[in-house]
Structure formats: C-alpha cells, structure tokens
Amino acid sequence: MSEPCRLYLITPERLDADRFADTLAEALDAGDVACVQLRLKGADDDAIRAAAERLAPVAQSRDVAFLMNDRPDLAAQTGCDGVHVGQQDGTYAAARAVVGDDAIVGVTCHDSRHLAMIAAEAGADYVAFGAFFPTASKDAIGHPDPDILTWWSELMTVPCVAIGGITPANCAPLVQAGADFLAVLSAVWACKEGPGAAVRQFNAAIADARATAA
C-alpha cells in the first residue's frame with residue numbers, strides 16, 4: 001500500500017470554543033491526526049471567527065492543518081490553512097481566489113466520479129467521497145461503494161477523503177480500498193472513553209487494516 005491513511009477530524013456543529021479547545025488538544029495529543037475542519041452550522045460570522053481564532057492555534061501548534069468549512073472568506077480572515085467547499089458552497093475557483101495559492105482547498109464530490117475529476121483537474125488539494133455509512137451529522141447526498149476509492153487512488157495522485165458514519169469498527173474496507181484520509185466526527189467526540197481514546201482506536205484500526213492488506 002502507499003502512504004498510510006490518516007485521520008481528518010471534523011468538529012461538532014455546535015461548541016463552546018474555550019471548552020472545546022481542551023477537548024481538541026486531548027484528541028490531537030493522542031495520536032496521528034492530519035487535519036481538523038471547523039464545521040459550525042447555524043453560527044453567525046462573529047462566532048465562527050472567534051472559534052477559528054481560538055481553535056486554529058491548538059491544531060497548528062501541533063503541525064495539524066486547520067480548515068474552515070464552507071467559508072473561504074472567513075478562512076482567509078482567521079489564518080486557517082485552507083477551506084473545504086461543498087457542491088452548494090461555491091466553486092473551487094472562487095474559493096481558491098479568496099484563500100490564495102498556498103492554502104488547502106478540498107471539495108465534496110459525494111459519490112460522483114465526474115465531480116471528482118472536475119475538482120482535481122481544476123486544482124483541488126483533495127476530493128471527498130461519501131457518505132459510506134449511515135450518519136446523523138448531515139443528510140448525505142451520495143452513498144458510494146468503497147471501490148470508488150480504489151478507482152480514484154489507482155487513477156489520480158490527488159488525495160481522497162472518505163466520510164460518513166466511519167468508526168474504528170467499520171473503517172478497514174475504506175483504508176484497504178485506498179482512502180488517504182478518514183473524515184470523522186461523532187465517532188471521536190461522542191466516544192464514551194473520550195476523544196483521545198477514539199483517536200488511538202482509529203489509528204490502531206488503520207494500522208491493522210494496512211497490515212491485513214499487506
């Protein structure tokens with residue numbers, strides 16, 4: 001297999017930034033995490049800015065990229081490392097124009113190979129496929145099979161993110177199919193043993209899946 005699959009954490013949709021800073025630190029200190037995406041739904045711009053300014057340093061001080069969901073303008077204003085945009089959140093080109101050439105821009109592609117090809121050819125830093133499993137965090141538009149990850153990894157060098165209901169117990173097929181990143185939300189923040197334990201469980205599951213496939 002190629003480079004190891006890594007974790008991509010998505011924040012809860014509602015949070016108290018000061019309290020969540022400690023929770024985030026616990027998660028990031030527990031094991032390998034590549035990225036954190038701030039995804040606040042229903043919050044006003046001031047609240048999003050305040051959360052980004054509080055949480056971005058927690059991630060960036062640990063060499064973890066910090067991305068903003070949906071809002072390239074706020075990402076640029078708050079010193080985020082980049083932005084993630086959905087198909088209804090504006091174009092890749094518009095996001096890139098706002099955040100600049102050095103920032104990360106990722107694009108949701110649901111279960112569409114066509115949308116992924118368009119995003120990659122435009123210059124996206126990663127494409128995201130999902131939802132692979134049932135999820136309560138959002139209404140999923142696409143429900144791809146893991147073979148889309150294999151197809152993508154064999155064809156393209158642009159990394160792919162798997163998202164949607166992923167847990168340590170069900171992630172192996174996605175890792176083995178070629179996912180570069182696993183985007184996870186509730187499986188970490190709602191873990192009964194705490195977010196640190198969840199990150200350790202995910203990293204162990206990723207390692208086991210790679211060893212089994214080797």
Restricting segment 105-122 to residues that are under 23 Å from Val64 (Cβ atoms) and not aliphatic (A, V, I, L, M), the one surrounded by the most Cβ atoms within 10 Å (Cβ to Cβ) turns out to be Gly106
Within segment 55-69, of all residues that are in contact (Cβ under 8 Å) with a residue 24 or more places away in the chain and in a loop (DSSP other than H, G, I, E, B), the one nearest to Gly100 (Cα to Cα) is Val64
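Restrict the check to segment 8-17 and report whether at least one residue is over 17 Å from Leu185 (Cα atoms) and surrounded by fewer than 16 Cβ atoms within 10 Å (Cβ to Cβ).
Our first condition is that a residue be over 17 Å from Leu185 (Cα atoms); within segment 8-17, this holds for none.
The answer is no, given that none of the residues of segment 8-17 is over 17 Å from Leu185 (Cα atoms) and surrounded by fewer than 16 Cβ atoms within 10 Å (Cβ to Cβ).
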Filtering segment 110-168 down to residues that are closer than 21 Å to Gln88 by Cβ, touching a residue at least 40 places away in the same chain (Cβ under 8 Å) and assigned to a helix (DSSP H, G or I) yields Ala116
By residue number, the members of segment 85-98 that are in a loop (DSSP other than H, G, I, E, B), closer than 16 Å to Glu121 by Cα and within 18 Å of the chain's Cα centre (by Cα) are Gln87
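Each row is one residue, and each column tells you yes or no for (1) more than 13 Å from the chain's Cα centre (by Cα); (2) of a type outside the set (A, V, I, L, M, F, W, C); (3) modelled with pLDDT under 95; (4) surrounded by 19 or more Cβ atoms within 10 Å (Cβ to Cβ).
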{"residue": "Leu28", "(1), (2), (3), (4)": "yes, no, no, yes"}
{"residue": "Asp45", "(1), (2), (3), (4)": "yes, yes, no, no"}
{"residue": "Val83", "(1), (2), (3), (4)": "no, no, no, yes"}
{"residue": "Gly100", "(1), (2), (3), (4)": "yes, yes, no, no"}
{"residue": "Ala103", "(1), (2), (3), (4)": "yes, no, no, yes"}
Restricted to segment 144-162 and to residues being of a type in the set (A, V, I, L, M) and surrounded by 15 or more Cβ atoms within 10 Å (Cβ to Cβ), the residue farthest from Asp180 (Cα to Cα) is Ile148
Within segment 103-126, residues more than 18 Å from Pro146 (Cβ to Cβ) and among the small types (Gly, Ala, Ser) come out as Ala103, Gly106, Ala119, Ala120, Ala122, Gly123, Ala124
Subset of segment 70-81, residues surrounded by fewer than 17 Cβ atoms within 10 Å (Cβ to Cβ) and not in a loop (DSSP other than H, G, I, E, B), comes to Asp73, Gln77
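The values are calculated or read from the model by the stated rules, or taken from the named source; none is laboratory data. Fair warning: this is a prediction, and the values are worked out from it, not measured in the lab. Neighbour counts are summed over all protein chains in view; Cβ atoms, including those assigned to glycine, are modelled from backbone coordinates with ideal geometry.
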